[in-house]
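For reference, the structure is listed below as structure tokens.
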Amino acid sequence: MATPTFQTPEEIQTDLGERLRQLRLGQRLTQAGLASRAGVSPRAVRALESGEGSSLITLIRVLKALGALASLDALAPQPTISPMALLAGNRAPKRGTRH
């Protein structure tokens, strides 16, 4: 996958679909087999793999069925609090600032 900052959201979506397809093929699963394992329709798997878009729940179910749910940690890592901020008594922000 190329650097995401130089890709459109649509290009990133297409690349993600291709990666999911490669994961599926690496496990020798058909789209129908993956759909059955994930509890989604074969059409949902086809849409996801072709970059047509899908729901977040479908993506999560497919990743779980492929045994790749841990990859979500790379996508959206758990935020951590700086030890220095803890010493200073600063609390983690509960919402973003307005611009």
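The values are calculated or read from the model by the stated rules, or taken from the named source; none is laboratory data. None of these values were measured; they are calculated from a predicted model. So basically every Cβ, Gly included, is an ideal-geometry build from the backbone, and we count neighbours across all protein chains shown.
Selection of region 19-38 for residues being within 11 Å of Val62 (Cα to Cα) and under 16 Å from the mean Cα position of the chain (by Cα) yields Leu20, Arg21, Leu23, Arg24, Ala38. Could you grab me the full set of residues in region 66-84 that are under 10 Å from the mean Cα position of the chain (by Cα) and surrounded by 10 or more Cβ atoms within 10 Å (Cβ to Cβ)? If the condition is that a residue be under 10 Å from the mean Cα position of the chain (by Cα) and surrounded by 10 or more Cβ atoms within 10 Å (Cβ to Cβ), then Ala68, Leu69, Ser71, Leu72 are the ones that fit. Restricting region 46-58 to residues that are touching a residue at least 12 places away in the same chain (Cβ under 8 Å) and in a helix (DSSP H, G or I) leaves a set whose member that is nearest to Thr30 (Cα to Cα) is Arg46. Identify all residues within region 12-39 that are hydroxyl-bearing (Ser, Thr, Tyr) and either touching a residue at least 40 places away in the same chain (Cβ under 8 Å) or exposed (fewer than 14 other Cβ atoms within 10 Å of the Cβ) (or both); write none if there are none. If the condition is that a residue be hydroxyl-bearing (Ser, Thr, Tyr) and either touching a residue at least 40 places away in the same chain (Cβ under 8 Å) or exposed (fewer than 14 other Cβ atoms within 10 Å of the Cβ) (or both), then Thr30 is the only one that fits. When you look at Arg43, is it in a helix (DSSP H, G or I), surrounded by 14 or more Cβ atoms within 10 Å (Cβ to Cβ) and modelled with pLDDT of 95 or more, yes or no? Against the criterion (in a helix (DSSP H, G or I), surrounded by 14 or more Cβ atoms within 10 Å (Cβ to Cβ) and modelled with pLDDT of 95 or more), Arg43 does not qualify. Is it true that some residue in region 50-64 is surrounded by 17 or more Cβ atoms within 10 Å (Cβ to Cβ), modelled with pLDDT of 85 or more and of a type in the set (Asp, Glu)? No, because not a single residue in region 50-64 is surrounded by 17 or more Cβ atoms within 10 Å (Cβ to Cβ), modelled with pLDDT of 85 or more and of a type in the set (Asp, Glu).
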